[in-house]
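The values are calculated or read from the model by the stated rules, or taken from the named source; none is laboratory data. Bear in mind that the values here come from a model prediction, so they are computed numbers and not experimental data. Cβ: placed from backbone, ideal geometry, glycine included. Neighbour counts: every protein chain shown. Surface accessibility is based on the protein's heavy atoms, side chains included, excluding ligands, DNA and RNA. Shrake-Rupley method; radii C 1.70, N 1.55, O 1.52, S 1.80 Å.
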Amino acid sequence: MNHPHTPVRVVLAGAHGHGRWHLDNLRRLAGRGLVRLVGVCDTRPVAAAQLAGLDEPAQSADLSGLIWRTGAEITILATPIHTHADLAIAALRAGSHLLLEKPPAGSMADFERIAEAVRSTGRACQVGFQSLGSEAIPVLRKLIADGRLGRVRGIGAAGAWDRPASYFTRAPWAGRRRLNGCAVTDGALTNPFAHAVATALAVAEAEQLGAVTEIETELYRANPIEADDTSCLRLRLAAGTEITVAVSLCAPDRTEPYLIVHGETASAKLCYTLDELHIGQNVSSHARTDLLENLVAHVRTGAQLLVPLSRTGAFMEVLDAVRRAPEPTPIPAEHQLDGATNGRVLPGIKELTALSAQRLALFSELDVAWAPPVQPIELAARQVAAYRWRPELPATVAPRPHLHSVRTLGGVEVTEVGPEDHVHHLGVGVAIADVGGTNFWGGRTYVPGRGPTWRRDHGSQRHLRFARRDGDGLVEHLEWLDRTGTPIMAEQRTVRARPAGRPDCWELDLEFALSNLVGVPLAIRSSATKGRLGAGYGGFFWRAPGSATRRRVFTADTEGEADINGSPAPWVAMSGTAPDGRDWTLVFVQIGSTDPWFVRVKEYPGVGPALAWRRPLVLADSLTRRVITIVADGRLDRDTAAALATER
């Protein structure tokens, strides 16, 4: 057994890049007699000059063998992100404790592999979130717990740094989301500003797996890279607190990142790189414990680890959400400037990140030209749809989130927005002609005895937040507001794109759950319930392009608008020909319901199950509907459409 004062034997894996910082820190601690560098593991030999003052450590590219030969008690892992899991597991199984650089891994799956190795070996794993060694964090936590700030309504973090173009070419993995099939998940939120996310979670005492219930991400890039260089996110915690983080590597110069705790009676600002806490006019500086030094104390005396792997579970949930998010949106060149070191500069980005932290808002909520409120929906790295959650539309169309443009895998557009025949038709979405007297369909309202009539009765759907945003879909919370702006219904909407089992088609899965907010039953009506024959529209609705020719609508046993409109067929298919001559087919399938179908072909192409056909539907509490649409290139015959529909 080693004496408490015997220097701990250390191996450093990854001596270049950030590894140089660790070499300097090892010199400092070696000078105090706490550590001895016995080995360096790297794919490139490390020059003697770089190891000056550290004796003559053994060098090898074989980490496990190096640990066995040197008897290393601690391994510092500062290698590329996508190598963390395999090397961390190797070090732990070789009998070494671990200081693992942040981020711990490139995916949740890799994180769980490391966690299992920690459990099975009984070795310690400290994660290199240096800011979590600051005494400012427990001080701020106590201020919150003692009620000095009042009830906390949110935490906003901001950071804006400059980076030269060479930063993104310094290594094969830099600026990459994936490399050779492995998750890298490099990017502003998950690597250079990972401390902002981790520190905010620490202040909120929400660091364990499961502490975060909802994650919204917005990823952008100004540089020609795969990953994000300018991004923001919003987290919703189990306790209801919201955290926003807005960061960029496209500032004209560096400013120190910080987070603001917004309390009802006061606020506090933590500059986590400086360990400074600002409360009103008072500024206090706090000590920081070095994480390697803490790990040495843990190994020698059993001191408590400051950043054990379990403390980074919530951070990894955020990283995994970034990994699954849509590809970063390129920022158009007209919104950029050339930086002094050939990096990209976004004018006003420092002020924008600060505004985000102050308002707890995402970029898309701050009227930024390069951050429109549009969510790409992707399948196999191909955009197949776009979800528009805050469209700027006149009140008479009943403004609402919707999908447009939706395309086949071959690129044929199969939706239309604002056509001349019905300007209130908005791609794919949810619209109802009458809910408690409010028009959520748009256009004129059918009045018995008068027909379609212009009235000031239009409502709107207001986006509240996303519970989840991935590359292939989203979960959204909305409110339906009546003509006075009063919420009368809440909605949770889920949109997901999936393969459909054939190379020429995919499926769009849309589910919506409506809840009554007014305390008394709400009547859902269509024009048909008021006497307009066949006009049962209301609910899920798909407006196809009016420019399509050779339109056809059919079911398993019949075809044509007259026979299908109002029928409860299990599925309905519509096909057409685009102006460029390419054919398309849409197959609509209700899941868990059998509402009559509203179908139009001659006047315009549109399809949707009708919530209220013959009589009003009374919404006392809630209702849920789900429709899967197979989006196909070409004209599917009846047998093929039926086979696809019955597979759902």
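What list of whole percents do you get for P(r) of the range 403-487, with Cα-Cα distances grouped in 5 Å bins up to the one holding the largest distance?
For the range 403-487, the binned pair fractions read 3, 12, 17, 19, 18, 15, 9, 5, 2, 0 percent.
Summarise the accessible area of the chain (1.4 Å probe, protein heavy atoms) by the percent that is carbon and sulfur. Working shown, then result.
Values: 12750 of 25710 Å².
Answer for the chain: carbon and sulfur cover 50 percent of the accessible area.
Among the lysines, select those whose C-alpha is under 20 Å from the C-alpha of LYS350, and discard any that sit fewer than 8 residues away in the same chain.
Within the straight-line limit of under 20 Å, LYS350 reaches these lysines: LYS269.
Between ALA49 and ARG382, take the C-beta separation as r, use R0 = 51 Å, and let me know the FRET efficiency to the nearest 0.05.
Details: r = 50 Å, r/R0 = 0.97.
Efficiency, from the Cβ-Cβ distance: 0.55.
Just to confirm, what accessible area per residue do you get for the range 99-217 at 1.4 Å probe, in whole Å²? Display every interim value, and only then the final one.
Working: 4190 Å² over 119 residues.
Accessible area per residue: 35 Å².
For ARG638 and ARG359 in one chain, what is 0.36 nm times their gap in residues minus the Cα-Cα distance, to one decimal in nm? Spell out each step's value before the answer.
On the way: separation 279, 0.36 × 279 = 100.44 nm, distance 5.36 nm.
Residue separation times 0.36 nm, minus the Cα-Cα distance, leaves 95.1 nm.
Under a 1.4 Å probe, what is the accessible area of the range 490-648 per residue, stated in Å²? Provide the component values of the computation, followed by the final result.
Numbers: 6410 Å² over 159 residues.
In whole numbers, the range 490-648 has 40 Å² accessible per residue.
Compute the distance from the alpha-carbon center of the range 48-79 to that of the range 100-120, in whole Å.
Rounded to whole Å, the Cα centres lie 22 Å apart.
Beta carbons within 10 angstrom, averaged per residue: use that to sort the peptides 445-458, 296-309, highest first. Don't skip to the answer; put the middle values down first.
Details: 445-458: 13.5, 296-309: 16.7.
Going from most to least packed, we get 296-309, 445-458.
Let me test this: with uniform point scatterers at the alpha carbons of the range 272-395, what is the Debye-based log₁₀ I(q)/I(0) at q = 0.10, 0.14, 0.19 1/Å?
-0.62, -1.02, -1.24
Which value, in debye to the nearest 20, gives the size of the charge dipole of the range 419-488 about its Cα centre, when Lys and Arg are +1 and Asp and Glu are -1 at the Cβ?
280
Please report the base-10 log of the normalised intensity I(q)/I(0) for the range 491-547, using a Debye sum with one equal scatterer per alpha carbon and no solvent, at each q in 0.20, 0.28, 0.30 (1/Å).
-0.99, -1.13, -1.15
Pick the calculated Kirkwood radius over Cα pairs in Å for this structure from (1) 29.2; (2) 27.4; (3) 25.6?
This structure yields the entry labelled (2).
Where does each of 139-145, 393-399 land if you order them by average Cβ count within 10 Å, highest first?
393-399, 139-145
Cα axis of helix 313-324 to longest principal axis of the chain: angle in degrees, 0 to 90, nearest 10?
Tilt relative to the chain: about 50 degrees.
Based on the Cβ-Cβ distance from ASP621 to THR6, what FRET efficiency comes out when R0 is 60 Å, to the nearest 0.05?
Efficiency for this residue pair is about 0.30.
Cα gyration tensor of the range 456-576, axes a ≥ b ≥ c as square roots of the eigenvalues: rounded (a/c below 1.5), prolate (a/b > b/c) or oblate? Could the numbers behind the result be given before it?
Details: a/c = 2.29, a/b = 1.24, b/c = 1.85.
Oblate, because a/c is 1.5 or more while a/b does not exceed b/c.
Grab the Cα-Cα distance for ARG93 and ALA395, subtract it from 0.36 nm times how many residues apart they are, and report the gain in nm with one decimal.
Numbers: separation 302, 0.36 × 302 = 108.72 nm, distance 6.39 nm.
The ARG93-ALA395 span can extend by a further 102.3 nm.
How much length would be gained if the chain were fully extended between TRP370 and GLN208, taking 0.36 nm per residue of separation minus their Cα-Cα distance, in nm to one decimal?
Numbers: separation 162, 0.36 × 162 = 58.32 nm, distance 3.43 nm.
So the chain would gain 54.9 nm between TRP370 and GLN208.
In Å and whole numbers, how far do the C-alpha atoms of the range 115-209 stretch along each principal axis, longest first?
Largest to smallest, the principal-axis extents are 49, 41, 21 Å.
Each label point is 7 Å from the Cα along the Cα-to-Cβ direction; what then is the distance between the points at ALA556 and SER515, in nm?
Output for this residue pair reads 3.5 nm.
Can you tally the net charge around PRO252? Count Lys and Arg as +1, Asp and Glu as -1, for every other residue whose Cβ sits under 12 Å from the Cβ of PRO252. The partial results should precede the final answer.
On the way: positive: ARG163, ARG254, ARG344, LYS350; negative: ASP162, ASP253, ASP338, GLU351.
Overall, the nearby charge balance is 0.
Inverting the mean 1/r over all pairs of different Cα atoms, compute the Kirkwood radius of the range 240-280 and quote it in Å.
On the way: mean 1/r = 0.0838 Å⁻¹.
That comes to 11.9 Å for the range 240-280.
Quick one: which residues, 5+ away or cross-chain, put their amide H under 5 Å from the amide H of GLU378? H built at 1.01 Å from N.
Distant-sequence amide H within range of GLU378: VAL384, ASP472, GLY473.
Rounding to the nearest 10 and keeping the result within 0 to 90°, find how far the Cα-based axis of helix 84-93 lies from the longest principal axis of the chain.
Once rounded, one gets 50 degrees.
Tally Lys/Arg at +1 and Asp/Glu at -1 over every other residue whose Cβ is under 13 Å from the Cβ of GLY95; what's the total? Can you show the working numbers first?
Working: positive: ARG9, ARG69, ARG93, ARG123; negative: GLU73.
Once all neighbours under 13 Å are counted, the net charge is +3.
What list of ³J(HN,Hα) couplings, whole Hz, do you get for the range 21-33 from phi and the Karplus terms 6.51, -1.76, 1.60, once you set θ to phi - 60° and write x for glycine and proline?
Per residue, the Karplus-derived 3J(HN,Hα) values read 4, 5, 4, 4, 5, 5, 4, 4, 6, 5, x, 9, x Hz.
Taking the Cβ-Cβ separation of HIS18 and HIS477 as r and a Förster radius of 41 Å, what is the calculated FRET efficiency to the nearest 0.05? Walk me through the numbers on the way to the answer.
Numbers: r = 40 Å, r/R0 = 0.97.
Between HIS18 and HIS477 the formula returns 0.55.
As I understand it, the dipole of the range 308-373 uses +1 on the Cβ of Lys and Arg and -1 on the Cβ of Asp and Glu, about the Cα centre. Which of ALA371, LEU309, SER356 lies farthest toward its positive end?
Result: LEU309.
What whole-number distance in Å separates the alpha-carbon centres of the range 356-394 and the range 561-628?
28
With every protein chain left in place, what is the accessible area per residue of the range 328-405 in square angstrom, probe 1.4 Å?
Values: 3560 Å² over 78 residues.
Counting only protein heavy atoms, the per-residue value for the range 328-405 is 46 Å².
Going by Cα centres, the range 488-547 and the range 284-317 are how many Å apart?
Measuring centre to centre over Cα atoms gives 51 Å.
What is the packing order of peptides 36-45, 373-382, taking the mean over residues of other C-beta atoms within 10 Å and listing the highest first?
Details: 36-45: 19.3, 373-382: 16.2.
Output ranking for 36-45, 373-382: 36-45, 373-382.
On C-alpha positions alone, give me the angle between the axis of helix 136-145 and the longest principal axis of the chain, in degrees, nearest 10.
50
I want the local charge near TYR272. Using Cβ-Cβ distances under 15 Å, sum +1 for each Lys or Arg and -1 for each Asp or Glu among the other residues.
Details: positive: LYS102, ARG141, ARG254, LYS269, ARG288; negative: GLU135, GLU207, GLU256, ASP275, GLU276.
Cβ neighbours under 15 Å give a net charge of 0.
Report, in debye and to the nearest 20, how large the dipole of the range 149-218 comes out about its Cα centre when Lys and Arg carry +1 and Asp and Glu carry -1 on their Cβ.
On the way: 7 positive and 7 negative charges, 48 e Å.
Around 240 debye, computed over the range 149-218.
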